[in-house]
Amino acid sequence: MSGGDDFLTTYETPRLARLAPNLFAACFSLMKILPARFMLERAQAAGRLQPGGPVAETTSGTFGLALAMLAAVRGFDLTLVSAASLLDETLRRRLEHLGAKVHVIDDPEGSGAQSERLNRLKEILEDCPETFWPQQYDNPDNRLAYGRLAEWMTRTIGRVDCLVGCVGSGGSLCGTGSFLREVFPDLTIIAVDTHRSVLFGHAPGRRLLRGLGNSIMPLNLRHEMVDEIHWVGAFPAFASALRLHHDHALFMGPTSGAAALVAAWYARRYPDALIGVIMPDEGHRYQHTIYDDRWLAVLEGWPIVVPHEPDTLTQVEARGESEWTRLFWDRKALRTMLEAERGA
Amino acid sequence: MVQNESTARYDQPKSGKTLNGGRKEGLLQVGVGRAIAHHGELLQGVFEGEDGRLHRGLVTLPLAARKSTVTFWPNGEGAIRCRPANRKKAARAAALTFNHLGYSKVGGDLTLESDIPVGHGYGSSTADVIAAIRAAAAAAGVILRRSTVCKLAVEAEEASDAIAYGDQVVLFAHREGLILEHFGGEYPPLLVVGFRIGRARPIATLRLPRARYDGQEIEQFRVLRGLTSHAVRQQDPRLIGRVATASARISQHHLAKPRFEAAVKLAEEHGACGIQVAHSGTLLGVLFDADERGVAARAAVLAETLGQAGFLGIMTFTVNVDGTLLQ
């Protein structure tokens, strides 16, 4: 809608997939274009970013790809800092073909090198102080960007009773949710995370499912908006993505699989509720992983039978990659939840 | 909707001279134009236009029961005189219309008859202006496009509203006279219990400072715009009620109406769809689904409760209803 100066804005409009009579999926090619463009435009409007100016970010995922696509079209000078274990060769090449400078930090133990990446980014910012750092985890413009998704939902679905989405930065779920709650105060918000992500109180650890969860706490996650938290392991997420492809010809990434699993369960449970689910990216990046039977075959514990429903927990608790659990969060602050557990 | 521009053949002047406006040859007739009032807005804020820029815009709630009727009596060359004399914007609107149609130096008398209360947000001034434009067009024997009527109205009085579009729901840039979005349908069927709140004294709308919306509000308006589109498409009064209530709440941050929350509570207690306001006036309206069983009775109870609670100007009206309400 905005400006029409480049076709990338069409990436911001999801396709509708009606997965059940009461379940509406917003399927994005690359959702992160939406916050990336919004943050860049707001920074330009505020004078924090000049046309053609330098932009730097630490990322290993789709946000980096979105920034690189925008930088290519709009002529920004983009530097991305990532970790060797998180950045596959295909994506690195694609980022470089788009003209981004990619700094890859070695992390032989597969830690993700979060602090080293931040240190490198800080060096870049010190060397070139006019560099704009989007900071998707903490920049409130990330959440604001999702007024467009909430608009799409009200235009397409009308009334929304329940919103289901994955959480990484918190931007899409808390942004979309806050705009929808202004008109539908009773909206149920269900967050989808994965085991050993710190977002809802797990101790950090190795995660096989990427693209959701986090090892640091982003300010854009507003725990007090969340009614229910689901932790979906990598295997149910993979299986759900494969099933979306098989049953609906929807070729989406594993985080979309995780979100669809939870949303479809809620839709069965509450047939009178209208549910919107956010599906953030397509399957192309995962051709050589979850869409490759040989890659899957060597995973310990695969294949699994997808659970029909989650295990309902009574406290925050991490499980294995084949498990799907949930906890009533009841719009609490994270600290309130964890203190209550410690007291109990 | 009341939009019947009637024309009456004007008797030839005794002198036999034609009413020649100069550039344009041709007779002007007596022309009558009408325009309805509104009851504030269902939605008002800032919205992205096709140009990617933000525009102030609104969705009007029409009030067909009140109207302005303007008659133009041509009288040679010279100025357009107005009765009552203080309605200068209406005279200006008529002159702009003649100019637009290629007439110049048109003289005549413009009489305004209106039962729209002034200064509370019923759009009395705009109704006069649009009726005057229609009267002038009728005098020239033409019917104008609605978009032209709106542009002339904005030119005559700086800001206008979308009543020229009658029963069609549009998102209207009221300071530019442009349509930002045509929602492609009529208003969902509504029964409205309207009343006035707070200030007894009328407001001069154009003297109010313009609301400065923050980023959160600007993005929220997108969502309300999307929901309006769905509500019109599905003819869903419940959803249009949600839009109106949310817009009214944002308005509270800019031109707060006293006792607003009390009114919202009353609306909820009576099973209403929502509450709308005149964003630059003193009006509130409780919106009911006009097709719902028992709605007339519930609205009557609410109207009485509002009266007992000291609210003024209580008026019940319908929007896009066939005529009878389900009892």
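The values are calculated or read from the model by the stated rules, or taken from the named source; none is laboratory data. Keep in mind that this is a model prediction, so the values were computed, not measured. FYI the Cβ positions are ideal-geometry reconstructions off the backbone, even for glycines, and counts take in every protein chain you see.
Mind listing whichever residues of the stretch B:38-58 are in contact with a Gly (Cβ under 6 Å, 6 or more places away or on another chain), of a type outside the set (A, V, I, L, M, F, W, C) and assigned to a strand (DSSP E or B)? Don't jump to the end; show me each part of the working.
Initial filter on the stretch B:38-58 (in contact with a Gly (Cβ under 6 Å, 6 or more places away or on another chain)): B:38-40, B:47, B:52, B:55.
Subsequent filtering for residues that are of a type outside the set (A, V, I, L, M, F, W, C) retains B:38-40, B:52, B:55.
Within the stretch B:38-58, B:38, B:39, B:40, B:55 meet the criteria.
Please verify whether the stretch A:195-204 includes one or more residues that are on the phi > 0 side of the Ramachandran plot and not in a strand (DSSP E or B). Don't jump to the end; show me each part of the working.
Residues of the stretch A:195-204 on the phi > 0 side of the Ramachandran plot: A:196, A:201.
The next check asks that each one be not in a strand (DSSP E or B); those that pass are A:196, A:201.
Among the residues of the stretch A:195-204, at least one is on the phi > 0 side of the Ramachandran plot and not in a strand (DSSP E or B), which makes the answer yes.
Out of (1) within 14 Å of chain B (Cβ to nearest Cβ); (2) polar (S, T, N, Q); (3) over 20 Å from residue B:52 (Cβ atoms), the odd one out for residue A:13 is which?
The single condition residue A:13 does not satisfy is (3).
Give the stretch B:240-262 a look and list any residue that's part of a helix (DSSP H, G or I) and either free of Cβ contacts under 8 Å to residues at least 40 places away in the same chain or away from every other protein chain (no Cβ under 12 Å) (or both), or say none. Please lay out each step first, then the result.
As a first pass, look at the stretch B:240-262 and keep what is part of a helix (DSSP H, G or I): B:240-252, B:260-262.
The answer is B:242, B:245, B:246, B:248, B:249, B:251, B:252, B:260, B:261, B:262.
What about residue A:267, is it modelled with pLDDT of 95 or more, among the small types (Gly, Ala, Ser) and under 20 Å from the mean Cα position of the chain (by Cα)? Talk me through it step by step, then tell me what you get.
Details: modelled with pLDDT of 95 or more: yes; among the small types (Gly, Ala, Ser): yes; under 20 Å from the mean Cα position of the chain (by Cα): no.
It is false that residue A:267 is modelled with pLDDT of 95 or more, among the small types (Gly, Ala, Ser) and under 20 Å from the mean Cα position of the chain (by Cα).
If the requirement is being touching a Phe, Trp or Tyr at 6+ places or on another chain (Cβ under 7 Å), surrounded by fewer than 20 Cβ atoms within 10 Å (Cβ to Cβ) and closer than 19 Å to residue A:286 by Cβ, which of these qualifies: A:85, A:29? Show your work before the answer.
On the way: A:85 fails: touching a Phe, Trp or Tyr at 6+ places or on another chain (Cβ under 7 Å).
Every option except A:29 fails the conditions.
From the list B:224, B:171, B:180, B:191, exactly one residue is over 23 Å from residue B:48 (Cβ atoms), modelled with pLDDT of 95 or more and either under 18 Å from the mean Cα position of the chain (by Cα) or within 11 Å of another protein chain (Cβ to nearest Cβ) (or both). Which is it? Break it down into steps so the answer makes sense when it comes.
On the way: B:224 fails: over 23 Å from residue B:48 (Cβ atoms); B:171 fails: over 23 Å from residue B:48 (Cβ atoms); B:180 fails: over 23 Å from residue B:48 (Cβ atoms).
Answer to the selection: B:191.
Could you go through the stretch A:213-227 and let me know if any residue there is closer than 17 Å to residue A:26 by Cα and among the β-branched types (Val, Ile, Thr). Walk me through how you get there before you give the answer.
Going through the stretch A:213-227, the residues closer than 17 Å to residue A:26 by Cα turn out to be none.
The answer is no, given that none of the residues of the stretch A:213-227 is closer than 17 Å to residue A:26 by Cα and among the β-branched types (Val, Ile, Thr).
With the checklist (1) in contact with a Pro (Cβ under 9 Å, 6 or more places away or on another chain); (2) within 14 Å of another protein chain (Cβ to nearest Cβ) in hand, flag the one item residue B:282 doesn't pass.
Tallying (1) in contact with a Pro (Cβ under 9 Å, 6 or more places away or on another chain); (2) within 14 Å of another protein chain (Cβ to nearest Cβ), residue B:282 fails exactly one: (2).
Per-residue answers, yes or no, for (1) within 14 Å of another protein chain (Cβ to nearest Cβ); (2) over 19 Å from residue A:280 (Cβ atoms); (3) crowded, with 24+ Cβ neighbours inside 10 Å:
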site: A:154; (1), (2), (3): yes, yes, yes
site: A:201; (1), (2), (3): no, yes, no
site: A:208; (1), (2), (3): no, no, no
site: A:224; (1), (2), (3): no, yes, no
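Looking only at the stretch A:320-344, count every residue that is free of Cβ contacts under 8 Å to residues at least 12 places away in the same chain and under 30 Å from residue A:302 (Cα atoms) and tell me the total. Before you say what the answer is, go through the steps one by one.
In the first step, residues of the stretch A:320-344 are kept if they are free of Cβ contacts under 8 Å to residues at least 12 places away in the same chain; the result is A:335-336, A:339-340, A:342-343.
Filter once more, keeping what is under 30 Å from residue A:302 (Cα atoms): none.
The number of residues fulfilling the criteria is 0.
Of the conditions (1) under 24 Å from residue B:74 (Cβ atoms); (2) at pLDDT below 95, residue B:97 clears all except one; give me its number.
Of (1) under 24 Å from residue B:74 (Cβ atoms); (2) at pLDDT below 95, only one is false for residue B:97: (2).
If we only count strands (runs of 3 or more DSSP E) wholly inside the stretch A:13-63, which ones have 3 or more residues that are in the same structural domain as residue A:209 (by TED's automatic domain parsing) and more than 22 Å from residue A:118 (Cα to Cα)? Spell out how you get there, then give the answer.
Values: elements: A:15-20, A:23-27, A:54-58.
Result: A:15-20, A:23-27.
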